[in-house]
Every structure is written in structure tokens, then in C-alpha cells.
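Take a look at the structure below.
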Amino acid sequence: MADLRTEEFTVNMGPHHPSTHGVCRLVLTLNGEKIIKIEPVIGYLHRALEKICENRTYAQCIPIMDRFEYVTAMSCNYLFSNAAEKLAGIEVPERAEYLRVIMLELNRIASHLIFYGVTAMDIGALTPFLYGLRERELIIDLFEMTCGQRLTYNYIRVGGVSRDIPAEFEPKCREAIKIIREKLIDYEGLLNENPIWLVRNKGIGVLPPELGIAYGVSGPVLRASGVKYDIRKDDPYSIYDRFDFQIPTRENGDCYDRYLLRLDEIKQSLNIVEQALDALPEGDIKAKVSPNFKPPAGEVYSRVENSRGELGVYIQSDGGKKPLRVKMRGGSYNQLQVLPHIGTNCLVADLVAIFASLDVILPEVDR
Amino acid sequence: MSYPLAFGELHGLFGWLYELLESTGLPQPWLDVVRYAMLGAMVFGVLSLLALFLVWWERKIAAHIQQRFGPMRHGWHGWYQTVVDAVKLLTKEDILVDTRDKFVFFWAPVICFVAAFLAYVSIPFGEGLIVSDLNIGILYVIAITTFTILSLLMAGWGSNNKYALLGGIRSAAQVISYEIPMVASILVVVLFVGSLSMVDIVNSQSGWITNWFVFRLPFGPIAFLTYIVAATAEANRTPFDIPEAEQELVAGYNIEYSGMKFAMFFLAEFVNGFTVSAIAVTLFFGGWHGPFLPSWVWFLLKTFAVVFLLMMFRWTYPRLRVDQLMEFAWKFMVPVTFANLILAAWMKYAGWYW
């Protein structure tokens, strides 16, 4: 019998594709359903954020940073404020630091809840998506109550925060924590032991820790591979050294561990928020800072641990009221770079699961 | 034991209609033509309405599982939402890809739609409510529902789209694999009844509820479970909906279809879901038999219960991967169903059954 002629074929997954979480394009070379090559093509969402920041005063950059990583916009606000404060030597009031930690952790929970829903949806379970967003809504309501915005907050400013929390924030926040704790049990019951969920996630997309470190991967993805690295503990910023919390890690580095790890992180973040609410002091919420303050010439790198790894900003100042150069660093960018390594030789369905478990967000990749 | 005929039985109505037809004095061949055209139109109309209802029902169930309301605007709890959707799809522009294979692209939805409805020739809706009691009834139903694969392959090929092609290939592999355990599960019932006729199968389960095949231990429940799993795969529903896996293949085989052609695939999918449930009821749940209510009401109630089960599967489970699906079919379903078949054959031979 003559040999059948077979051919590899190329599929463009994206930029318009339901499971690329934005406008990522993956050029896949397929042999049947097996992926033999992945080429991520990025830049569809490039907005030149770094250049825009160079043309604005430090205070005006904060709303731009909101668009950097809009799922955890609080981290981006904090990141830039912290860098500018370091540069100009501004002292932040105690109460503002506590409020910042509360907001950062709430935002991390909201982001992980989105991850929970979206990952489940990518693997074909449509219902958890609605559940994840339902609990996220509680947190978003808290943000709206505080700063009037639901996605791009512009809340954490240079020198403090933009406004104090309203009186009903604390009881509502404690109630939300209680509800989320209860619902987490439901979440785990729905998916953790589900046989289909297990076969779809266990042993899929294993990221060896060496590969992760070599590519600069950080955050939950690296911790799921067994590397205990969290900037909140290893290079504490703000007042994280005052709280009692664990850094969960997992050993296998597959999709399932990345999923479990994020659920663990939600629990830890809930603890931090509770501790911060208990210890919240009275006082000022913002240091006196001129809107057009001029930091001395110099450079600074500030970094935070957000829900997608290390988020960093490098600012160079020439002593003027605008930064001379701004460089941003996002965790998703590095996570997208390991995708071709851990995603080849699997099936298209696995690629979707791996992509979801890396929790890549495209505006942060493209800047 | 058979139940006394309850009020509201419909086969009297058909007898009256036939008498009316005969009284017109048409010659014999024309009489049959008119009679079958009438039956065809009735089955088509009833099933179209059922499919529309099922779409609405599924959306409502999904919504309530997900703590939403679902359609609420059109009528009480949005009851005519799907009618509005159907009208929208009918009046929508039919977008055609230039590079399509014209013949195949056009006929794929037609075959899918027609095959879905043809199965109802031999499904008894109630006592006396069957278009034609073929002596090969269940075999005919299995054969005709398999046409769906052909249409999915045609759609995948004719669209000239890589995602569609992948969806078509996946569906062919899936449906052919699950056909075997499905038929093997059905054979258990056929073995005991000794007939392929749907009416005979239903009548063999008359009487007490223990006569239903699903309660005939030990092979009955196993056959039902394997059948319902294979049927879920046959009807392309989650967790086996990989041919149209939205998150991987965007929409699979129907990615290039729009307007009424898409609606035909969509309605056919729901009709297929109803078909596999109707077969499950006929084979395992005593078909139309039941006390007090008219037989067709019993049949519909039971079928909707099975459809509800399929919908609950869909909205709670994630999706399997294509190779895991095949592994499950060949490494688990096929051995289990054949072992069950052998067990049932042995018990029948030994006479250990009731």
C-alpha cells in the first residue's frame, strides 16, 4: 500500500479566539491535533504606555498605570506611587499604608476569582465562570464604594490614597470575606475532585522550576513548581512584614497545581485583609505632595507581587516634573514566553488549559 | 397487565382522520401519499415546537444553575424567546464563504436536519402513536441518527476552514467510537425482548414498574448507564462536546454557518438530544406505560426527565480531551458493554430473569 501523504498545517489561534484572553495570536503548527510548534505573536494591544508616561507628570501617570494590568489595577497604582515616593523621599501615613494593603489583597482575590472562572470555562465547565464573577462582584462593590470605579481605580496616589474608606466599608468587607470563605468550599467541591477536571489538568503543562527561573517567571506559576519566592516575604514592601501569612507552594508545576495554588492564595489574602482591618489605625490618608512635584535626579526600580507574578516599574528622573524614562515589567510577558516550551507536543485542548493556567493577561504583555 | 385507556388518548383522533380521508373517495396510492404527508407534517411540527421549547428550557436551566434569570423579556419568563430567535435567524443574511465547496456546504445542514427528524418515523410517542412500526425499528433509528456524522464531516470539509475541519474530524472519530458501546447496550434489551420493533420493546415492559428494563438487575442498570453515556457522546453534548468545543475550536464544524443554515444545525442538535432521550425511555423506562395519565403524556414526561439529566451533565461538567474521550470509549465503554451483553445472554440462556 502506498504511503498516505500527510501534511502539517498552520492554524492561527487568535487574535480573535475565545480562549486567548484578549488579543494574543498563537501561530500553531499542527500534526493532526498535536501541536509541534507554537509561536506567540504579541503587540496587538500595544498602547505605548511607557512613552505616554514620559510626557506626563508623576501624578498624571497613575491613571495610565491602571491600563497596564487592568485586572489588578490597584497593584499598578501602588507600583508607580511607590516608585515615585522612593524617588522623591515621600513618607506615607500609617493609615494609608494599611488601606493600600487592604486594597491590594482584595484586588488579588478578585483577580484569582476571575482566574478560577475563566480556567474552568476554558476547560468546558461554563458554570464556575458565573460563580467566580459572582464573588468578585462583592469585592468590586467595595472598590466602587471607596473610589467610585470598578475596574480602573486610580485610588492609590503618590503620597497615600485618594480618599478614605466610607463607614460601611468595614462591615461589608468582613461580610464579603465570610461569604468568599464559604463559597471557596463550594468551588473546591465542584472541581477539585472532579475526575474530568483531574484528567484535564494533572500532569499537563509541567513547568520545571529551572525553566521558570531561566525565563524570569514569577508569582503563582513559579510557586506551583515548588520555588518559594514571593516578593511580599523576600523583599517586603509597604507593611507586609507586619502580617502573619504563609506563602503556599506546590510541587508538580502542572495545571492542576497552579489552579490549587491560586485557591490557597485566596485564603491567605483573606487572612491578610482581616488582619489589616483589625489593625487599621486612625490618621491621615495622604501626605502633602504638590501635584507637580519634582523628584531629584536619579533612578529607582520598584516591584510588587501581584496575582500574575512580579510587576515592576523602573523610573529614571532628570530632576524635572516628568519622568525621563519609564520601563514596565509584567509577569505575564515572561509566562507567555515559556508557553512554547511547555505547550509543544500536546493537543490543542491542552494548550487552552495551559494558557488558562498561566493566567496571561494581554494588556500587560503588550503594554 | 395493561392499564385501562385514560381520557385524552390520541390514537382515536388518527383513526377518525383516516376515516375522513377514506370518505373523500381518493384512489388507494393517493390516499397513502396524503396520509403520510399529513403524518410527516405533524411529526415535523410537533418536533420543531419541542426543539424550540428545549432551547428555551436549557437556557432557563443553565441560568438557574448559574444563579441568573435567563431569558425574561419575551412573555412570561421569556417563553417565546426562542421563537423570536428563530425569526431573527430566518431573516438574517446568509453569509457564504467564497472558498467553500458549494455543493457540500449547502447540503450539510439539510442532511443534519432531515436525519434528525427521520428518526421519529419509528419512535412511539404513545399507544398507537407511531408513524410506522417497522420490524427493524431500533436498528432503523440507530442507522438514521448516524447520518449526523456525515453531515458534520460535510460541514467541516465544505466550510474550507481549519477549525471546522478539525471539528468534523473529531466528530467523526467520536461518533463512530461511541456507536459501538451504544449499540451493545441496546442489544441487551433487544436480546430479552426478542424483537427489534419499538412497539414490541415497549409492550414487553408493561405492567409494574419492575418490568422496566432499567430495574432488571444486574444488567439493566449497567446497560442504561452505558447507554446514557454513549448517547451523550452521540448527541455531542458536554462533557463530550469536543466537535464544537467552543474554547478550542471556536465553534467547530458550524463556524462558517450563519442565518438559517446555522439554525438548522442548532435545532437538529436539540432534536438529537430529544431522540436519544426518547430511545432511552423506550428501551429502559417502559416507554408510554404509566397509570392514570394518557400514554403520550407519560412518554413526554419521562423523556423530559432524561433530557433534564443530560442538561444537568452539560452545566456541571468540564469537557474531556479528544484522546481521553477515545480512551474512555475503547478501554472502558466497549469492554464493559460487551461483558454486560455476555452476562445478559448467559442469564437469558439460564433463565435467571423475570
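The values are calculated or read from the model by the stated rules, or taken from the named source; none is laboratory data. The structure presented is a predicted model; accordingly, all values stated were derived computationally and were not measured. Don't worry about glycine lacking a Cβ; one is built from the backbone with ideal geometry, like all the others, and counts go over all protein chains shown.
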Original post:
Considering only residues of the stretch A:38-51 that are surrounded by 15 or more Cβ atoms within 10 Å (Cβ to Cβ) and out of contact with any Pro (no Cβ under 6 Å at 6 or more places or on another chain), which is farthest from B:Gln324 (Cα to Cα)?
Top reply: A:Glu50
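Condition (residue is outside any helix (DSSP H, G or I), among the hydrophobic types (A, V, I, L, M, F, W, C) and away from chain B (no Cβ under 14 Å)) applied to the stretch A:168-176: is it met by at least one residue? Step through it out loud before you land on a result.
So in the stretch A:168-176, the residues outside any helix (DSSP H, G or I) come out as A:168.
Next cut, among the hydrophobic types (A, V, I, L, M, F, W, C) only: none.
Checking the stretch A:168-176: not a single residue is outside any helix (DSSP H, G or I), among the hydrophobic types (A, V, I, L, M, F, W, C) and away from chain B (no Cβ under 14 Å).
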Original post:
A:Asn345 passes all but one of (1) part of a helix (DSSP H, G or I); (2) surrounded by fewer than 24 Cβ atoms within 10 Å (Cβ to Cβ); (3) over 21 Å from the mean Cα position of the chain (by Cα); which number fails?
Top reply: (1)
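Checking the condition assigned to a loop (DSSP other than H, G, I, E, B), basic (Lys, Arg) and touching a residue at least 24 places away in the same chain (Cβ under 8 Å), which residue from A:Lys294, A:Lys327 passes?
Numbers: A:Lys327 fails: assigned to a loop (DSSP other than H, G, I, E, B).
So the residue among A:Lys294, A:Lys327 that is assigned to a loop (DSSP other than H, G, I, E, B), basic (Lys, Arg) and touching a residue at least 24 places away in the same chain (Cβ under 8 Å) is A:Lys294.
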Original post:
Using beta carbons and a limit of 8 Å, which pairs, at least six apart or on different chains, have the first residue in the stretch B:158-170 and within 16 Å of B:Asp101 (Cα to Cα) and modelled with pLDDT of 80 or more and the second one buried (at least 24 other Cβ atoms within 10 Å of the Cβ) and polar (S, T, N, Q)?
Top reply: B:Ala164/B:Asn254; B:Leu165/B:Ser159
Original post:
Out of B:Lys348, B:Lys302, which single residue is of a type outside the set (A, V, I, L, M, F, W, C), within 23 Å of B:Pro218 (Cα to Cα) and either surrounded by 20 or more Cβ atoms within 10 Å (Cβ to Cβ) or modelled with pLDDT of 85 or more (or both)?
Top reply: B:Lys302
**OP:** Search the stretch B:74-88 for residues being surrounded by fewer than 18 Cβ atoms within 10 Å (Cβ to Cβ), at pLDDT 85 or above and not β-branched (Val, Ile, Thr), and hand back the single one that is farthest from the chain's Cα centre (by Cα).
**Re:** B:Trp76
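Working only within the stretch A:173-190, note down all residues that are over 26 Å from A:Tyr256 (Cα atoms) and surrounded by fewer than 18 Cβ atoms within 10 Å (Cβ to Cβ). Full working, then the answer.
Kept after step one, since they are over 26 Å from A:Tyr256 (Cα atoms), are these residues of the stretch A:173-190: A:173-176.
Hits for the stretch A:173-190 are A:Arg174, A:Glu175.
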Original post:
Only one residue in B:Leu134, B:Leu150, B:Leu96, B:Leu129 is modelled with pLDDT of 85 or more and not β-branched (Val, Ile, Thr), so which one is that?
Top reply: B:Leu150
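Answer yes if at least one residue in the stretch A:299-309 is buried (at least 22 other Cβ atoms within 10 Å of the Cβ), more than 19 Å from the chain's Cα centre (by Cα) and either closer than 27 Å to A:Met103 by Cα or more than 14 Å from every other protein chain (Cβ to nearest Cβ) (or both), and no otherwise. Reasoning before the result, please.
Filtering the stretch A:299-309 down to residues buried (at least 22 other Cβ atoms within 10 Å of the Cβ) leaves A:304-309.
Narrowing further to those that are more than 19 Å from the chain's Cα centre (by Cα): none.
Checked the stretch A:299-309: no residue is buried (at least 22 other Cβ atoms within 10 Å of the Cβ), more than 19 Å from the chain's Cα centre (by Cα) and either closer than 27 Å to A:Met103 by Cα or more than 14 Å from every other protein chain (Cβ to nearest Cβ) (or both).
Those residues that are within 14 Å of chain A (Cβ to nearest Cβ) and surrounded by 15 or more Cβ atoms within 10 Å (Cβ to Cβ), I need them from the stretch B:61-72; list them, please. Lay out the reasoning, then the answer.
Within the stretch B:61-72, the subset within 14 Å of chain A (Cβ to nearest Cβ) is B:61-70.
Answer for the stretch B:61-72, where residues must be within 14 Å of chain A (Cβ to nearest Cβ) and surrounded by 15 or more Cβ atoms within 10 Å (Cβ to Cβ): B:Ile61, B:Ala62, B:Ala63, B:Ile65, B:Gln66, B:Gly70.
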Original post:
Would a scan of the stretch B:311-325 turn up a residue that is under 24 Å from B:Ile149 (Cβ atoms), within 14 Å of another protein chain (Cβ to nearest Cβ), outside any helix (DSSP H, G or I) and among the aliphatic types (A, V, I, L, M)?
Top reply: yes
**OP:** Kindly check whether there is at least one residue in the stretch A:34-47 that is of a type outside the set (A, V, I, L, M, F, W, C), within 18 Å of B:Ala164 (Cβ to Cβ), touching a helix residue (DSSP H, G or I) at 6+ places or on another chain (Cβ under 9 Å) and within 12 Å of chain B (Cβ to nearest Cβ).
**Re:** no
Original post:
Which residue, of A:Ala83, A:Ala59, A:Ala96, is surrounded by 17 or more Cβ atoms within 10 Å (Cβ to Cβ) and in contact with a Pro (Cβ under 7 Å, 6 or more places away or on another chain)?
Top reply: A:Ala59
Original post:
Quick check: anything in the stretch A:303-318 at positive phi and part of a strand (DSSP E or B)?
Top reply: yes
**OP:** Looking at (1) within 26 Å of B:Arg59 (Cβ to Cβ); (2) among the β-branched types (Val, Ile, Thr); (3) surrounded by fewer than 15 Cβ atoms within 10 Å (Cβ to Cβ), find the lone condition where B:Thr316 falls short.
**Re:** (3)
Original post:
Among the listed residues B:Phe292, B:Phe270, which satisfies the condition of being in contact with a Leu (Cβ under 6 Å, 6 or more places away or on another chain) and either buried (at least 22 other Cβ atoms within 10 Å of the Cβ) or outside any helix (DSSP H, G or I) (or both)?
Top reply: B:Phe270
Original post:
Which of (1) assigned to a loop (DSSP other than H, G, I, E, B); (2) more than 23 Å from B:Ala116 (Cβ to Cβ) does B:Phe240 not meet, given it meets every other one?
Top reply: (2)
Original post:
Just to be sure, is A:Leu30 within 14 Å of chain B (Cβ to nearest Cβ), of a type in the set (A, V, I, L, M, F, W, C) and closer than 30 Å to A:Leu126 by Cβ?
Top reply: yes
Subject >> Near pairs, Cβ below 8 angstrom, 6+ apart or cross-chain, from the stretch B:279-307 (over 16 Å from B:Trp212 (Cα atoms)) to any residue that is of a type in the set (A, V, I, L, M) and part of a helix (DSSP H, G or I) >> reply: B:Leu293/B:Leu301; B:Val307/B:Leu54
Original post:
Within the set of pairs 6 or more residues apart or between chains, which connect a residue that is more than 9 Å from chain B (Cβ to nearest Cβ) inside the stretch A:5-18 to a residue that is of a type in the set (Ser, Thr, Tyr) and outside any loop (DSSP other than H, G, I, E, B) with Cβ atoms less than 7 Å apart?
Top reply: A:Glu8/A:Thr29
Subject >> Candidates A:Ile354, A:Ile315, filtered to the one that is surrounded by 23 or more Cβ atoms within 10 Å (Cβ to Cβ), closer than 28 Å to A:Glu105 by Cα and within 14 Å of chain B (Cβ to nearest Cβ) >> reply: A:Ile354
Subject >> Members of the stretch B:152-195 found to be within 18 Å of the chain's Cα centre (by Cα), within 14 Å of chain A (Cβ to nearest Cβ) and surrounded by fewer than 20 Cβ atoms within 10 Å (Cβ to Cβ), listed by number >> reply: B:Ala172
Original post:
How many residues are surrounded by fewer than 20 Cβ atoms within 10 Å (Cβ to Cβ), away from chain B (no Cβ under 14 Å) and without any contact (Cβ under 8 Å) to a residue 60 or more places away in the chain if we restrict to the stretch A:191-228?
Top reply: 8
Original post:
Would the stretch A:108-119 turn up any residue that is in a helix (DSSP H, G or I), of a type in the set (Lys, Arg) and surrounded by fewer than 23 Cβ atoms within 10 Å (Cβ to Cβ)?
Top reply: no
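Let's see how each residue does on (1) in a helix (DSSP H, G or I); (2) away from chain A (no Cβ under 14 Å); (3) surrounded by 11 or more Cβ atoms within 10 Å (Cβ to Cβ); (4) at pLDDT 85 or above:
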{"residue": "B:Leu20", "(1), (2), (3), (4)": "yes, yes, no, no"}
{"residue": "B:Gly25", "(1), (2), (3), (4)": "no, yes, no, no"}
{"residue": "B:Val34", "(1), (2), (3), (4)": "yes, yes, yes, no"}
{"residue": "B:Met38", "(1), (2), (3), (4)": "yes, yes, yes, no"}
{"residue": "B:Gly45", "(1), (2), (3), (4)": "yes, yes, no, yes"}
{"residue": "B:Phe53", "(1), (2), (3), (4)": "yes, yes, yes, yes"}
{"residue": "B:Glu58", "(1), (2), (3), (4)": "yes, no, yes, yes"}
Original post:
Considering the stretch A:115-152 alone, what residues qualify as being touching a Ser or Thr at 6+ places or on another chain (Cβ under 8 Å) and more than 14 Å from chain B (Cβ to nearest Cβ)?
Top reply: A:Phe115, A:Cys147
